[in-house]
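Input: a single structure, listed below in structure tokens.
The values are calculated or read from the model by the stated rules, or taken from the named source; none is laboratory data. Everything numeric in this text was worked out from a predicted model, so none of it was measured. Neighbour counts are summed over all protein chains in view; Cβ atoms, including those assigned to glycine, are modelled from backbone coordinates with ideal geometry. Heads up: the accessible areas ignore ligands, DNA and RNA and are worked out on the full protein's heavy atoms, side chains in. Shrake-Rupley method; radii C 1.70, N 1.55, O 1.52, S 1.80 Å.
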Amino acid sequence: AFAVSVISEDAEDETELQVLQKSEKSRTISKISGELKEIVFVIQSQSNSFHSKRAEDLKRDILKQAVDLGKELPTVLLIHQIDRHEGAWTILPLMRDFSVTYGRNSSWIFFCEEDTRIQVVKLLETLRRFDSSKEWFLGKALYDEESTIIHHYAFAENPTVFKFPDFAAGWALSIPLVNKLAKKLKSEPLKSDFTIDLKHEIALYIWQKGEGPHLTPVPEFCTDDVNSYKADHCATTFSNFLPLCGEPVNKEDVFVAVKTCRKFHGDRIPVVKQTWEREAALIEYYSDFADISIPTVDLGVPNTDRGHCGKTFAILERFLNHTSPRTPWLVVVDDDTLISIFRLRKLLSCYDPNEPVFLGERYGYGLGTGGYSYITGGGGMVFSRTAVQKLLASKCRCYSMDAPDDMVLGMCFSGLGIPITHSPLFHQARPMDYPKDYLSHQIPVSFHKHWNIDPVKVYVTWLAPNTEESHNGKKVGYNREDL
């Protein structure tokens, strides 16, 4: 009887404990739900059908988590649907709109990429640690290990001191900081300047040479894969993979055009032939001199020291008029671009060649005052045949033969109302020009420049098919940490 009595009391204690736990959980959820409507989620989306669908999927997931909490839903915005600004993707031009619309009833603007995965309850628990009435700039911190051209050699004496957010992990601004930025932008509009690495440039603008806040690192903002054991403490995770939507496109579906000139035939072209040329079924080298040993095609366009607009438009004309109309994709690269056609074919499986696709690494020019976006040429420019057809059917052409081809193309597509499509897997610079932690959650498609590197070693380490598949039964490669 005594044993039964003890068990019975234990059962009652356990029941009371469960009731208390449920009550506490209910209060927590109620509090969280109240805070949830004070967050504005901004997905850094794109209008291309593949990307917009992924962004919509993420929006649905955020809202479903909110519904499961049983309270008011948060606002979820998709950047590409905010079409009042050509440069909406650069985010700063939106600060005044955010301030006017959400400045009174919200606490945070939380930004994320389409592949960021969010645990809403954990995110709210994380944000609760910070007083939202103060100015906060939160994120996963990246930094340069050495000064780099893509950041204009900023902080050259010690580049590690300046932290900027990894967009893939998500990042947040408190409303007081949003309001402050909006006020500054009203009195000092953004200059008509280049946007090269947005995450670094936003951090610089917020920092205001020491007058504004630094980025505060948040360990719960992660880029670990959602299935990783490291992800247990994370409010955000990131899908760490190369997109693949069905079978990779056929080798014969990708035509590769390499821009070169006579003075680089002897040193740059051998690197292409030693590395990625074998991955391409259809490839031509375009030069100012016909060299049968390569062979190169002389397009009749003299080489220019600056931009190569004349040459690039001649390549586009040739692709449209002298290749099979059944070849849906054109890739234009420099002779010092290192690229994985193997991975590009996987990536292109996600895009519809019947859409006007212009794909690569996105830069911007003058986006604070109108301007346009463009694909930077060194990392590789990918065109669907449809995009080339629409471009050449228009009257938009080079204003001079040596105009910068990538910028003229961006201007032309902007005028046609065709948005460019950004992929962070294309790179205008070398691996060492990017933070290691940023590259750690990528399967890159390209890098650019041979300056102060062994380009063959970089290709084998970062881009060769055998870095993700065994080659003749053996893994071949160098340690990325060495590069």
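Under a no-solvent Debye model with one identical scatterer per Cα of segment 160-269, what's log10 I(q)/I(0) at q = 0.11, 0.17 Å⁻¹?
At q = 0.11, 0.17 Å⁻¹ the computed log10 ratios are -0.68, -0.95.
Please state the charge dipole magnitude for the chain, taken about the Cα centre, from unit charges on C-beta atoms (+1 on K and R, -1 on D and E), reported in debye and rounded to the nearest 20.
With Lys and Arg at +1 and Asp and Glu at -1, about 1220 debye.
Based on the mean of other beta carbon atoms within 10 Å per residue, what is the order of 123-134, 276-287, most packed first?
276-287, 123-134
Rounded to the nearest 20 Debye, what is the dipole magnitude of segment 66-105 about its Cα centre when Lys and Arg each give +1 and Asp and Glu each give -1 at the C-beta?
Roughly 180 debye, rounded to the nearest 20.
Would you kindly state how much longer the chain becomes between Ala393 and Glu317 on full extension, computed as 0.36 nm times their sequence separation minus their alpha carbon distance, in nm to one decimal? Show your work: numbers first, answer last.
Working: separation 76, 0.36 × 76 = 27.36 nm, distance 1.06 nm.
My answer for the length gained is 26.3 nm.
Toward the positive end of the charge dipole of segment 251-466, about the Cα centre and with charges on Cβ (Lys, Arg +1; Asp, Glu -1), which of Ile315, Met401, Ser414 goes farthest?
It is Ser414, whose Cα lies furthest towards the positive end.
On the accessible surface of the chain, probed at 1.4 Å, how many percent belong to carbon and sulfur atoms?
Carbon-and-sulfur percentage of accessible area, whole number: 51.
Jot down the radius of gyration and Dmax of the chain, Cα atoms only, both in angstrom.
25.5, 104
List the residues of segment 60-84 whose backbone N lies under 18 Å from a point placed 7 Å from the Cα of Asp97 along the Cα-to-Cβ direction.
So the set is 75-84.
Rounded to the nearest 20 debye, what is the charge dipole size of segment 251-466 about its Cα centre when +1 sits on each Lys and Arg Cβ and -1 on each Asp and Glu Cβ? Intermediate values should be presented prior to the final figure.
Values: 23 positive and 23 negative charges, 49 e Å.
So the magnitude is around 240 debye.
Would you please put 452-464, 318-330 in order of how densely packed they are, using the mean number of other Cβ atoms within 10 angstrom per residue and starting with the highest?
Details: 452-464: 18.1, 318-330: 15.4.
Averaged packing, sorted descending, gives the order 452-464, 318-330.
Considering only protein heavy atoms, what per residue accessible area in square angstrom results for the chain with a 1.4 angstrom probe?
46 Å²
Quick one: compute the contact order of segment 37-238, relative version, from alpha carbon pairs under 8 angstrom and 6+ residues apart, as a percent.
24 percent
Tell me what the chain gives for mean residue ellipticity at 222 nm when only DSSP H runs of n ≥ 4 count, each as -39,500 (n - 2.57), the sum divided by the residue total, rounded to 500 deg cm²/dmol.
-10000 deg cm²/dmol
In percent, what relative contact order does the chain have, based on Cα pairs under 8 Å that are 6 or more apart in sequence?
Reported as a whole number, the value is 14 percent.
Place +1 on the Cβ of every Lys and Arg and -1 on the Cβ of every Asp and Glu in segment 37-238, take the dipole about the Cα centre, and give the residue among Gly139, Phe110, Gln44 whose Cα lies farthest towards its positive end.
Phe110
Within the chain, which DSSP H helices have Cα atoms that stretch 24 Å or more along the helix axis and a mean Kyte-Doolittle hydropathy of at least -0.5?
The qualifying helices are 2-36.
Which order do the peptides 422-432, 60-70, 332-342 take when ranked by the mean count of other beta-carbon atoms within 10 Å per residue, highest first?
On the way: 422-432: 21.5, 60-70: 14.3, 332-342: 24.5.
Ranked by mean Cβ neighbours within 10 Å, highest first: 332-342, 422-432, 60-70.
Anything over 20 Å Cα to Cα? Flag those among Lys37/Lys59; Lys163/Lys191; Lys311/Lys395; Lys259/Lys449; Lys259/Lys436, in the order listed.
Flagged as over cut-off: Lys163/Lys191; Lys259/Lys436.
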